[in-house]
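The values are calculated or read from the model by the stated rules, or taken from the named source; none is laboratory data. Predicted model, so just to flag it, every value in this text is computed and none were measured. Cβ placement follows ideal geometry from the backbone for every residue including glycine, while neighbour counts extend to all protein chains displayed. These area figures cover heavy atoms from the full protein model, side chains too; ligands, DNA and RNA do not enter into them. Shrake-Rupley method; radii C 1.70, N 1.55, O 1.52, S 1.80 Å.
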Amino acid sequence: MSVPVTVVLPTCNAGSRFRECAEILAKQSANIAEVLVIDSSSDDETVDIAKDYGFHVEVIAKPYFGHGKTRQYALEKAQTEIVVFMTQDALLKDEYAVQELIEFLLSDEALAAVYGRQLPYPHTGPLGSFARLYNYPDYSFINTFADKKKKGIKTAFLSDSFAAYKKSLLLQIGGFPKHVNFGEDTYAAAKLLMAGYKTGYCAEAMVYHAHDYSLQQEFLRCRQIGQFHKEETWLLETFGKAEGEGLRYIVQEARYLMRCEEYLQVGFAFIHNMVKYFGYKTGVLI
């Protein structure tokens, strides 16, 4: 692929496994002009690993990191029109992953952002695996603002764990919100859709990325989502809620666990979902 791209990778104590991520990133078939690592003062080998692969590293103080402002800083520094954002725990499935993502983004002039498919790691537990299979299907699609009538707030879903943007279009809507420290990708996607652009999902561009959250982690994450929706009231006011999505998730999760003969996990999943619900409600209320 001849179109040059910049890959942005925020890091903080990524650990020795970061070398595997850096290795496959360095082998990409896409024309990666620069890998820009914004490191939050790691005290492990993260920076050394990044430099071993020729990545450009900028170190910032931990308190200066913010999901919105750090990505906006990197976006403004990028010298290419196409900018790919990743997270340190996302492992590209193969050497064509970035190329697949970029080709999809460039297939439509109105496409402003595209995110890729996230697969569970082989060691991921059944709950973490289902979350990835449910939220990242095996077929691609494109969203427009009109899709909110059917999908509600899910129309604006996008994940910066593996996503590509057209820099000029993203800057037109103000770029990433510097004041937002959670959900900056959803915020940007929503603004792009409201401006008349499209967002997309490319199932052929894949990374391994999954989490086995504890009950406490589930609660805290969903509380963040609730706080985000409370602070950015325009999101739900504009796109509406994903009506019935929660119940649909619970039912399909139970069916998945039964098919996998994970019978004991069905009750555990119910507890997790209750914790997630109360976490979200707590975030909305505080």
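Our summary gives the chain a relative contact order of 21 percent, counting only alpha carbon pairs under 8 angstrom and 6 or more residues apart. The Cα center of region 201-248 and the Cα center of region 53-69 differ in position by 25 Å.
Applying a DSSP loop filter and a limit of 16 other Cβ atoms within 10 Å to the GluC sites (Glu not before Pro) in region 52-103 leaves Glu81, Glu95.
To the nearest whole percent, what portion of all C-alpha pairs in region 213-286 is separated by more than 15 angstrom? For region 213-286, the share of Cα pairs beyond 15 Å comes to 61 percent. Can you compute the FRET efficiency between Ala195 and Thr80 using 1/(1 + (r/R0)^6), with r the Cβ-Cβ distance and R0 = 25 Å? Round to the nearest 0.05. Efficiency computed from Cβ-Cβ geometry: 0.70.
Near Ser107: Cβ cut-off under 13 Å, other residues only, Lys/Arg at +1 and Asp/Glu at -1. The net charge is -3. Taking a point 7 Å out from the Cα of Val3 in the direction of its Cβ, the residues of region 72-89 whose backbone N falls within less than 12 Å of it are 81-84. Please report the base-10 log of the normalised intensity I(q)/I(0) for the chain, using a Debye sum with one equal scatterer per alpha carbon and no solvent, at each q in 0.06, 0.08, 0.10, 0.11 (1/Å). Here log10 of I(q) over I(0) equals -0.18, -0.33, -0.53, -0.65.
Compute the angle between helix 263-285 and the longest alpha-carbon principal axis of the chain, please, reported from 0 to 90 degrees and rounded to the nearest 10. Between helix and principal axis, roughly 70 degrees.
What's the extension gain from Leu285 to Tyr263 if we count 0.36 nm per residue and subtract their Cα-Cα distance?
4.5 nm
Highest mobility in the GNM of the chain, judged by mean-square fluctuation with C-alpha springs under 10 Å and restricted to Tyr134, Tyr208, Tyr263, is found for Tyr263. The helix-based estimate of mean residue ellipticity at 222 nm for the chain, built from -39,500 (n - 2.57) per DSSP H run of four or more residues and divided by its residue count, is -13500 deg cm²/dmol to the nearest 500. Just the protein heavy atoms count here, and of the accessible area of the chain at 1.4 Å, carbon and sulfur take up 54 percent. All distinct Cα pairs of region 1-112 go into the 1/r average, and the inverse of that average, the Kirkwood radius, is 14.4 Å. Label positions at Thr87 and Asp52, each projected 7 Å from the Cα along the C-beta direction, are separated by 2.4 nm.
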